[in-house]
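Down below is the structure, laid out as structure tokens.
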Amino acid sequence: MNTRRPRFPADLTASPKGNGRSPAAPGLSMPASARVVSATATRGLGLDSEAVRERMVSRLVEQGLSSKRVAEAMRQVERHRFVDSALVNQAYEDTSLPIGLGQTISKPNVVGRMLDLLVQAPVFTQSAHPSGRLAGRVLEVGTGCGYQAAVLSHLFAEVYSMERLKGLHEKARDNLRAFRLANVHLLLGDGMLGFPRGAPYAAIISAAGGDDVPSTWTDQLVVGGRLVAPCTQKNGQQALVVVDKTESGLSHSVLEAVHFVPLKSGLA
Ligand code: SAH
């Protein structure tokens, strides 16, 4: 199993895709001549993509996103930098998008919903971190393209994110490099086993759904901690499940139906 932090790029103006240019923001049409003046272009891109992101977050708040922390974190992360250039103009729509190897980046609405549930873990009412983030470590199962890991990095003191597909682990590392998120640890491994070296976690979030919540995950939660994961129910449908670890045991809640990629064991 590898533990890697995203490395710092030498050229901080380079896009995470490594083509030396920032990807075009959705809705931004710029004459070719403007694109060569990178400082101007970057300023224009920054403003435009910020406005589009603000609209995305406002919609999420209208639809029920309640945590100001989560809204702010989602406002900060440039989702368009995590998808292929052909999909950039859909990056701020409420849709899941392909990220390669048959996997998808979740809809913003679902990311917001799961994080909204996660930050309400009882353990977070007790302590604050000097950085202003929530104190404690979070484990994400299913790094995918790294988008949600980036959002988590604005919320929690330390983020451990595990991916079983080497191609996506590497893609996430490339995508995250330019963001210089020193509190994100990308791991290549089978998330069904959790990551005991980083345990215990205040929060665990899975972006892939199995038939059960593995006991390794609940074993690695702190008392007062919370796990949010999709899980297939007896009727064969996937639903969002919240597990709280309390002094007296585990408490499960089954929420709305969701559609996530399957949780699979082993590396590939
Ligand atoms: N959070 C991601 C969503 C990725 S989709 C993002 O923001 O892009 C879910 C991911 O879970 C897929 O990449 C899939 O390969 C991964 N996955 C499935 N089973 C896994 C396991 N046992 N361990 C780690 N990752 C797993």
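Only residues that are outside any loop (DSSP other than H, G, I, E, B) and charged (D, E, K, R) were counted across the range 176-213, and they come to 2. Here is the figure for the range 89-118: residues that are part of a helix (DSSP H, G or I), hydrophobic (A, V, I, L, M, F, W, C) and open to solvent by less than 10 Å² (accessible area, probe 1.4 Å) total 4.
None of Ala257, Ala239, Ala202 is free of Cβ contacts under 8 Å to residues at least 40 places away in the same chain, open to solvent by less than 20 Å² (accessible area, probe 1.4 Å) and away from the ligand (no atom under 16 Å from the Cβ) except Ala239. Taken together, Asp190, Asp212 contain a single residue that is farther than 18 Å from Leu117 by Cβ, open to solvent by 20 Å² or more (accessible area, probe 1.4 Å) and more than 9 Å from the ligand (Cβ to nearest atom), which is Asp212. Is there any pair with a first residue in the range 67-86 that is without any contact (Cβ under 8 Å) to a residue 60 or more places away in the chain and a second that is among the small types (Gly, Ala, Ser) and crowded, with 18+ Cβ neighbours inside 10 Å whose Cβ atoms are under 7 Å apart and which are 6 or more apart or on different chains, and what are they? Partner pairs satisfying both residue conditions: Glu78/Ser49; His80/Ala25; His80/Ser49; His80/Ala91.
Looking only at residues of the range 154-175 that are within 11 Å of the ligand (Cβ to nearest atom) and assigned to a helix (DSSP H, G or I), we find that the one that is surrounded by the most Cβ atoms within 10 Å (Cβ to Cβ) is Ala172.
When you look at Ser85, is it of a type in the set (S, T, N, Q) and open to solvent by 50 Å² or more (accessible area, probe 1.4 Å), yes or no? Here the answer is yes, as Ser85 does meet what is asked. Contact map, the range 119-144: first residue part of a loop (DSSP other than H, G, I, E, B), second residue acidic (Asp, Glu), Cβ cut-off under 7 Å, separation 6 or more or different chains; pairs are Gly142/Glu163; Thr143/Glu163; Gly144/Glu163. Take the range 61-74 and flag every residue that is part of a helix (DSSP H, G or I) and either open to solvent by less than 70 Å² (accessible area, probe 1.4 Å) or among the hydrophobic types (A, V, I, L, M, F, W, C) (or both). Answer for the range 61-74, where residues must be part of a helix (DSSP H, G or I) and either open to solvent by less than 70 Å² (accessible area, probe 1.4 Å) or among the hydrophobic types (A, V, I, L, M, F, W, C) (or both): Val61, Val70, Ala71, Ala73, Met74. Residue count for the range 215-233 satisfying the condition of being surrounded by fewer than 23 Cβ atoms within 10 Å (Cβ to Cβ), outside any helix (DSSP H, G or I) and of a type in the set (Gly, Ala, Ser): 1.
The values are calculated or read from the model by the stated rules, or taken from the named source; none is laboratory data. Because the structure is predicted, anything quoted here is derived from the model rather than measured. Cβ coordinates were reconstructed from backbone atoms using ideal geometry, including for glycine residues, and neighbour counts include every protein chain displayed. Quick note on the areas: whole protein, heavy atoms, side chains included, nothing else; ligands and nucleic acids left out. Shrake-Rupley method; radii C 1.70, N 1.55, O 1.52, S 1.80 Å.
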